[in-house]
Amino acid sequence: TPMPDGQTLFLTRDITERQLAAEKLRVSEELYRSVAATISDGLVIVELGGRVVALNQAASRILGVRPEQLINVEQAGLPGLTLLEDDLVTPVPFERWPINQVLATGQRIDTCVHPLRRVDGDILWLEISCHLLRVDANAAPFAAMATFRDISQELHAQQELQISEERWKFALEGAGDGVWDWDLQSGRVFYSQRWKAMLGYEEHEIANTADEFLSRVHPSDRDPVRDSLQRYFKAGDGIHQTEFRLQHKLGHYLSILSRGKVVSQHRDGHALRVVGTHSDITPVKQAERALREKQTAEAAS
């Protein structure tokens with residue numbers, strides 16, 4: 001600034017902190033863009049008024065829309081995107097959309113699952129999480145962010161697995177066999193309804209433990225059964241088959257044919273999970289016993 005006496009006044013200001021802050025902001029924004037562009041999860045940012053201000057490529061791909069169809073669009077005007085109830089027909093009310101619940105309550109939502117009907121009519125299952133965005137922990141929120149991923153294939157695989165398991169369990173129980181499924185790591189055992197009914201018990205009367213089975217084995221058969229199972233669990237090969245007596249709720253013993261197969265193993269070969277069946281062969285054993293007694297009587301006479 002020129003002065004009246006012909007001299008010049010220079011004023012200086014230290015802007016180091018401002019420059020550093022600007023550089024950090026630039027790096028942070030570049031990092032965000034890089035991460036948002038490379039992650040497979042969809043990411044959408046909505047300002048507090050409900051306007052979509054940003055989304056990544058994964059979000060555009062999952063939702064089946066172009067970015068320009070969403071940017072600067074109010075949520076109420078989203079092009080044909082509809083969250084559905086589990087019946088895949090009923091639309092979820094707009095105020096119950098996860099990101100709108102977060103905007104209304106300020107409470108974050110972690111991993112809720114909703115079906116979504118896209119513009120092209122396809123229905124996807126999305127796992128969604130939402131939370132408010134703040135500059136720091138004490139600052140007021142300026143937007144909300146939703147992240148989501150398409151779990152349709154996972155759900156379909158689980159459904160196919162469940163249908164498959166229900167099918168073979170139904171087939172086995174339809175043949176009169178009881179099904180058991182033993183997780184050796186946790187010690188928990190699944191006993192099917194038919195397995196329990198075979199011994200005269202209701203569904204709730206037998207807990208999911210191995211002792212429920214072993215304690216009912218005839219005392220004379222208990223050690224041989226335990227030793228046979230331990231050898232098989234260690235080897236984990238082929239089909240395990242054994243016969244023993246198992247106590248009914250009324251006190252008498254049934255003759256049981258047990259078959260089992262290892263379906264999951266540790267890398268060292270030890271069994272982790274074994275699935276099998278119990279067949280009541282008491283009538284067969286009684287018939288064999290009657291035949292032997294008849295043959296003995298005939299030989300004696």
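Listed values, structure above:
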| quantity | calculated |
| --- | --- |
| Verdict on residue 157 being part of a helix (DSSP H, G or I), open to solvent by 80 Å² or more (accessible area, probe 1.4 Å) and under 23 Å from residue 86 (Cβ atoms) | no |
| Condition met for residue 250 (part of a loop (DSSP other than H, G, I, E, B), open to solvent by 20 Å² or more (accessible area, probe 1.4 Å) and either of a type in the set (Phe, Trp, Tyr) or on the phi < 0 side of the Ramachandran plot (or both)) | yes |
| Condition met for residue 162 (part of a helix (DSSP H, G or I), modelled with pLDDT under 90 and open to solvent by 60 Å² or more (accessible area, probe 1.4 Å)) | yes |
| Filter result (within 29 Å of residue 200 (Cβ to Cβ), open to solvent by 20 Å² or more (accessible area, probe 1.4 Å) and not basic (Lys, Arg)) within the stretch 258-277 | 263, 275 |
| Number of positions in the stretch 138-148 that are open to solvent by less than 80 Å² (accessible area, probe 1.4 Å), assigned to a loop (DSSP other than H, G, I, E, B) and either among the small types (Gly, Ala, Ser) or farther than 21 Å from residue 55 by Cβ (or both) | 2 |
| Residue match in the stretch 188-202 (condition: under 21 Å from residue 271 (Cα atoms) and acidic (Asp, Glu)) | no |
| Selected residue (criterion: nearest to residue 209 (Cα to Cα)) from residues of the stretch 237-246 that are open to solvent by 60 Å² or more (accessible area, probe 1.4 Å) and not β-branched (Val, Ile, Thr) | 245 |
| Filter result for residue 99 (touching a residue at least 12 places away in the same chain (Cβ under 8 Å), under 27 Å from residue 157 (Cβ atoms) and either aliphatic (A, V, I, L, M) or open to solvent by 50 Å² or more (accessible area, probe 1.4 Å) (or both)) | no |
| Within the stretch 46-66, tally of residues that are part of a loop (DSSP other than H, G, I, E, B) and over 20 Å from residue 122 (Cα atoms) | 4 |
| Some residue of the stretch 14-29 being modelled with pLDDT of 80 or more, of a type in the set (Val, Ile, Thr), over 30 Å from residue 118 (Cα atoms) and not in a strand (DSSP E or B) | yes |
| In the stretch 198-219, the residues that are assigned to a helix (DSSP H, G or I), touching a strand residue (DSSP E or B) at 6+ places or on another chain (Cβ under 8 Å) and without any contact (Cβ under 8 Å) to a residue 40 or more places away in the chain | 212, 213 |
| The lone exception for residue 231 - which of (1) open to solvent by 90 Å² or more (accessible area, probe 1.4 Å); (2) among the charged types (D, E, K, R); (3) touching a residue at least 24 places away in the same chain (Cβ under 8 Å) it fails | (3) |
| Complete set of residues in the stretch 275-295 that are among the aliphatic types (A, V, I, L, M) and either at pLDDT below 90 or part of a helix (DSSP H, G or I) (or both) | 275, 284, 287, 290, 291 |
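Residue-by-condition table, conditions (1) within 23 Å of residue 61 (Cβ to Cβ); (2) part of a loop (DSSP other than H, G, I, E, B); (3) not polar (S, T, N, Q):
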position	(1), (2), (3)
87	no, yes, yes
95	no, no, yes
128	yes, no, yes
136	no, yes, yes
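The values are calculated or read from the model by the stated rules, or taken from the named source; none is laboratory data. All figures in this text were calculated on a predicted structure; none of them were measured in a lab. Don't worry about glycine lacking a Cβ; one is built from the backbone with ideal geometry, like all the others, and counts go over all protein chains shown. Side chains are part of the model used for accessible areas, which takes the heavy atoms of the whole protein and leaves out ligands, DNA and RNA. Shrake-Rupley method; radii C 1.70, N 1.55, O 1.52, S 1.80 Å.
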